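These notes are about the structure you will find just below.
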Amino acid sequence: MISQEVEFMKDISKSIYKTDSEDKISGQAKYVADIKIDGMLHAVTLRSTIACGEIKNIKIPELPEGYHTVSSKDVQGKNVVKIIFDDMPVFTEKKITYLHEPIMFVVGPDKGKVMDILSEIVVEYIVEEPVFEWKNSAINYHFEKGEGLKVFSKAERVISYDYETGYQEQAYMEPQGFVGYLDGEKVTLYGSIQCPYYVKNAVIQALGVADDKVRVIQPTVGGAFGGKEEFPSLMACQLAVAIKKIKKPIQLLYEREEDMLVTTKRHPSRIHFEVAIDKNNEILGFKTHADIDAGANIGLSGVVLSRALIACTGAYTIDNLDISGDVFLTNTVPNGAFRGFGAPQMFFAIEMFMEHIANELGLDSLEFRLKYLAKQGDKTSTNGIFRDPIIMDEMIVKGMEISDYKNKRKLYESPESNRGIGMSFFFHGCGFTGSGEAKIIKARVKLKKDKSGDVYILVAAVDMGQGIRTTLRKVVAQILEIPIERVIFNFPDTDFVPDSGPTVASRTMMIVGGLISRASKEMKKRWGETEFIVEKQYVQPDYIKYDDDTFQGDAYPAYSWGVNVVEVEVDKDTYQVKLLNTWSVYDVGKSIDDRIVYGQADGGLIQGIAYGYLEVMNHEKGVIKQKNMTDYIIPTAKDTGNMETVIYENPYAFGPYGAKGVGELTLIGGAPAVAFAIEDAIKRKVFKIPATPEYIMELMKNDKN
Amino acid sequence: MVKTSIPKNLAEALSVLSKEKYRLVAGGTDMLVQNRNRATLPIKYKDNVMYIANLEELFGITEDEETIYIGACEPLEAILENDLTPKLLKETILEMASPAIRHTGTLGGNIGNASPAGDSLVPLYLLNAVIEVKSETETRRLRIQDFIQGVRKIDLADNELITKIIISKTEFTKAYFKKVGPRLSDAISKLSFAGAITFDNDIILDLRFAFGAVNITVVRRPEIECLYIRKTKEELKASVNEIVEAYSKFIRPIDDQRSNKEYRKKVSINLLKSFIEEL
Amino acid sequence: MTKIKFRLNGKPVAIETDVNRRLLDVLREDFELIGPKEGCGEGECGACAVLMEHEIVNSCSVPLANCIGKDIVTIEGLSTTSRYTVIRKAFEDEGAVQCGFCTPGMIIATESMLSKNPHPTDEEIKIGLSGNLCRCTGYNMIIKAIKKAAKDGDGLW
């Protein structure tokens, strides 16, 4: 490791080399597919070939010695994957609810033979009519703020628009996978995951065993973005059942096509907005309704919808609201977590809506949006309060300055111009929505000092590229005033680390880091002791009160804010969008490492922008049509333009060094910003993302704005 | 039992082919993906396979006074870097795939694959490329439009392989290739367009258009082009709607996971129109 | 089964196996190298990239049969060179590594492009990287890293 002369930094934001760069650059970092265990068997999944129905009969050929099938009847515990609802089986027994639903494993030493056996298995189905229309609502939410719908009776006029967002596939570079073995009676699993304890608890339920009979270890993870939040629990349960049955080490690796076809994606959404306008062209209130497609089971969809609905006023304060939403079940691949978790869908809709209202009223849209920008002390959509300072005005001024926004808007007004520039305002609620952190997770961390004076961070947080193996160590090193080389953060292993909660919801630095920070402070006081462990558990600050059922109160303890400016050129012949430049300004409280935050900013923005114009995934009768990296288009280096990011400091009292969440914020604003830029270039309204060339071609048939 | 052959030279290759049918693999960038198996398992070929990428006789780019000869297994990136390569073909290759694929992909492979979305085929049709194929006993040369007969259908006998791509040296006043893919690189085309024109004092001496991925093979209609030879640039511009209508019936794209027929058709027409209008 | 001889990471090697295997699998299974990775299996993502005759190729799309007599270098071999030291430092200086799955491929792409063009423009760097997908970084810091490597390693390429 390159040694660093960093004893303690005057300013923690100052970048240092990431601890794991060297291994990754040299190709030595071990991902799950790199782990080979002697005598390892291979498991491949047999999946349904229909979208809806029942299994009538399965004909399995005679299996050679050493080859097995594993199915629902082998599940030693409960045949349900522990997520929230009991609607996802480990292996389906009979019912088929989506194409490629897992039915069983074929396991054996030679993968070619396993594939042969798989192809010889004959499944007879009773086919039922699948439902692809969004008509079966599994969850409905509704809440109000202020006078709710009543303001609509006072309205001078009502403006209404509908917006639509598509699937987005996480497309992490490392496909999903696990490898595991039996250690005595203990099932040990290595997996490409975000949440070791989600996996452990799910496996415990599937096997029906005690806590000490399951061990989950994280190897290097090649990207996740939410796609490895809950989905891996399904794979882990299946694999654990197989390992317990066959009593041999087994590897379960998805290849890209399988991964794209069967793992969770961002929920497609349809969002309806209505605004009541008074005679002074001011907003009285909104009525918003959001529908999302959960796919074949609910999973986390209720939480995704919650976050989306809470975000329904975007970066603005609107006094009167009637907000509702539905989670629909369809016979398609179940959808799940993806960076932003409902917010990207809603921020696209609300940003476009504010712009479209202004257009309708003949008002300058920037002035209009600035007028309603949220301020410190304002009530949130759920009657919580924005307690902490909001510095969006400064950030917007900065964003406009570095991008030369106003001049470019003027320049691009010309009908000959095929360029456009757009600016989005957004926030991200950091941490779990509502009371999850306090009531369900109750995160625990441990900090251990050993005889040699090394300090071990013992948490279940997963570094999937966002750099927590560096940033959490910085926090400890800074507080304890010891060289960072003496702070050790090994890969989480549930045998050694407490449940600090899942690596999701932009909570790791703020919550887990916050606990680590408190633990470090205590350790500092006790530093004289030779060897000891400090343990801390999450305690919700008193003032955060939220009722999950009525959606009332402070949904989040803190908010990070952002401004994205995107400049594009739209080809007049091909309608293709070329990204020219982007400028971003972020308030993440305090950056624990500037370069790491810039990296998250770049990556998140490109994902957000691509969500807005490039990434197309659709299904036809339940069949995902873009199922490999050839057909699912994500940006290459050639698709990027110049990127500039500015980080503002606005410390949050309860985050370590003032840090709030970063991970998801940087994806939220990209889609509306690029959609605005496209609108500016083509002088037509955009209602749907991805705003593909095909869609732009259709829009060009409309009248100009 | 599937046989594998790795001939050491062209003569050996042709001798083996004279006795039995073999599927030919050059760089492998198409073949290995099309015949993919599960990771770690050998590629699943249904027939015999012959690897021809290392046959020296199939490399190199040479010229004589009027013609350029490109070896069928010369890698695309090498063709891109060679001074002898026509500019239009260079521009096309630069838009294709990625450096890694260009280092092993070959023109012979692209032509043999005869995909309707094959980018390199478009400039080859426009340049009136001739494909040379050899068997143990015979050498044949066919125009590319005769060699490629349909989707993945070529006039290649079981005992033959593609040896050279032959292009007459041509200088155009203006030649242009536009690939329209879902992103700016490393993607299969939704459609592509090539246009070339030569004029002298405003009189058109040569006019060529080719469209890719909008029909089962590249669309090249010399009978439309020749109507405008010896006309003036202005007359050509004035006839743009006529030309568009003439090509319209040959531009017959499909809907698929990448795009739809309306887009492919409209954009092909847009590109054709712009090429003419911007002369 | 055929005996295939080639050079791997600077050493002559020989292997007797099915020539229809992908180079990627031979490298990972038979030579136990983990640098080249399976990201997509179809030559799209570049995670499997290695140098063949000092040019970047996707080892998932190269049949072993085409490797006879060729010089193959994986990240493991490249990482012993002084050029690599410059590239590595530049990637670290610029924060160009996040999850790391694309990184070995990016390093291979860097070496391949700088060997042909020691001082590429931004546009040329993007072309050189166009076959290597990254989902974490948005490419910005990788492009900066390559520029820095070209500058700091002036004379090495």
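Things worth noting here:
- Within the stretch C:2-42, being on the phi > 0 side of the Ramachandran plot and more than 9 Å from every other protein chain (Cβ to nearest Cβ) holds for C:9, C:10.
- Qualifying residue in the stretch A:120-140 (condition: without any contact (Cβ under 8 Å) to a residue 40 or more places away in the chain and of a type in the set (S, T, N, Q)): no
- Test: residue B:125 is crowded, with 20+ Cβ neighbours inside 10 Å, aromatic (Phe, Trp, Tyr) and under 28 Å from residue B:248 (Cβ atoms): yes
- When every residue of the stretch A:287-301 is checked against the conditions, at least one turns out to be assigned to a helix (DSSP H, G or I), within 27 Å of residue A:424 (Cα to Cα) and touching a residue at least 24 places away in the same chain (Cβ under 8 Å).
- Qualifying residue in the stretch A:57-70 (condition: crowded, with 17+ Cβ neighbours inside 10 Å and within 14 Å of chain C (Cβ to nearest Cβ)): no
- Verdict on residue B:186 being modelled with pLDDT under 95 and out of contact with any Pro (no Cβ under 8 Å at 6 or more places or on another chain): yes
- Number of residues in the stretch A:631-684 that are assigned to a loop (DSSP other than H, G, I, E, B), more than 30 Å from residue A:515 (Cβ to Cβ), of a type in the set (Gly, Ala, Ser) and in contact with a Gly (Cβ under 8 Å, 6 or more places away or on another chain): the value is 0.
- When residue A:233 is tested against (1) closer than 18 Å to residue A:38 by Cβ; (2) hydroxyl-bearing (Ser, Thr, Tyr); (3) touching a residue at least 40 places away in the same chain (Cβ under 8 Å), exactly one condition is not met: (1).
- You will find that of A:14, A:24, A:36, the residue that is within 14 Å of chain C (Cβ to nearest Cβ) and either within 26 Å of the chain's Cα centre (by Cα) or aromatic (Phe, Trp, Tyr) (or both) is A:24 and no other.
- Scope the stretch A:679-699; condition within 20 Å of residue B:258 (Cβ to Cβ) and touching a residue at least 60 places away in the same chain (Cβ under 8 Å); matching residues: A:688, A:689, A:690, A:691, A:692, A:693, A:694, A:696, A:697
- There is no residue in the stretch C:120-129 that is within 12 Å of chain B (Cβ to nearest Cβ) and touching a residue at least 60 places away in the same chain (Cβ under 8 Å).
- Boolean, residue B:170 is polar (S, T, N, Q) and either at pLDDT below 95 or part of a loop (DSSP other than H, G, I, E, B) (or both): yes
- Of the set (1) more than 14 Å from chain C (Cβ to nearest Cβ); (2) under 23 Å from residue A:303 (Cα atoms), all apply to residue A:211 but (2).
- So residue C:92, is it facing another protein chain (nearest Cβ under 7 Å), closer than 23 Å to residue A:31 by Cβ and among the acidic types (Asp, Glu): yes
- Residue list for the stretch A:148-197, restricted to those being within 14 Å of another protein chain (Cβ to nearest Cβ) and among the small types (Gly, Ala, Ser): A:166, A:171, A:177, A:192
- Residue A:267 passes every criterion in (1) assigned to a strand (DSSP E or B); (2) in contact (Cβ under 8 Å) with a residue 40 or more places away in the chain apart from (1).
- Exactly one residue out of B:26, B:39 is touching a helix residue (DSSP H, G or I) at 6+ places or on another chain (Cβ under 8 Å) and surrounded by 22 or more Cβ atoms within 10 Å (Cβ to Cβ): that is B:26.
- Under the condition of being facing another protein chain (nearest Cβ under 7 Å) and more than 19 Å from residue C:143 (Cβ to Cβ), the residues counted in the stretch A:606-637 number 7.
- Counting residues in the stretch C:19-29 that are over 23 Å from residue C:128 (Cβ atoms), assigned to a helix (DSSP H, G or I) and touching a helix residue (DSSP H, G or I) at 6+ places or on another chain (Cβ under 7 Å) gives one or more.
- In the stretch B:174-202, the qualifying residues are those that are surrounded by fewer than 23 Cβ atoms within 10 Å (Cβ to Cβ) and among the β-branched types (Val, Ile, Thr), and the one that is nearest to the other protein chains (Cβ to nearest Cβ) is B:188.
- Annotation: residue B:150 fulfils all but one of (1) surrounded by fewer than 20 Cβ atoms within 10 Å (Cβ to Cβ); (2) not assigned by TED's automatic domain parsing to the domain that holds residue B:70; the unmet one is (2).
- Scanning the stretch C:95-119 for residues that are within 7 Å of another protein chain (Cβ to nearest Cβ), of a type outside the set (A, V, I, L, M, F, W, C) and either over 10 Å from the mean Cα position of the chain (by Cα) or not in a helix (DSSP H, G or I) (or both) returns C:95, C:98, C:100.
- Candidates B:239, B:259, filtered to the one that is surrounded by 14 or more Cβ atoms within 10 Å (Cβ to Cβ) and touching a residue at least 60 places away in the same chain (Cβ under 8 Å): B:259
- Restricted to strands (runs of 3 or more DSSP E) entirely inside the stretch B:1-97, those with at least 2 residues that are modelled with pLDDT of 95 or more and within 14 Å of another protein chain (Cβ to nearest Cβ) are B:23-25, B:49-51.
- Selection over the stretch B:109-141 of residues that are more than 23 Å from residue B:193 (Cα to Cα) and out of contact with any Lys or Arg (no Cβ under 7 Å at 6 or more places or on another chain) gives a count of 8.
- Among the conditions (1) among the hydrophobic types (A, V, I, L, M, F, W, C); (2) surrounded by 24 or more Cβ atoms within 10 Å (Cβ to Cβ); (3) away from chain C (no Cβ under 14 Å); (4) part of a loop (DSSP other than H, G, I, E, B), residue A:568 misses just one, which is (4).
- Selection status of residue A:494, buried (at least 20 other Cβ atoms within 10 Å of the Cβ), of a type outside the set (A, V, I, L, M, F, W, C), more than 30 Å from residue B:266 (Cβ to Cβ) and within 14 Å of chain C (Cβ to nearest Cβ): no
The values are calculated or read from the model by the stated rules, or taken from the named source; none is laboratory data. Everything quoted here is computed from the prediction, not taken from an experiment. Using ideal geometry, Cβ is built from the backbone for each residue, glycine included, and neighbour counts are taken over all protein chains shown.
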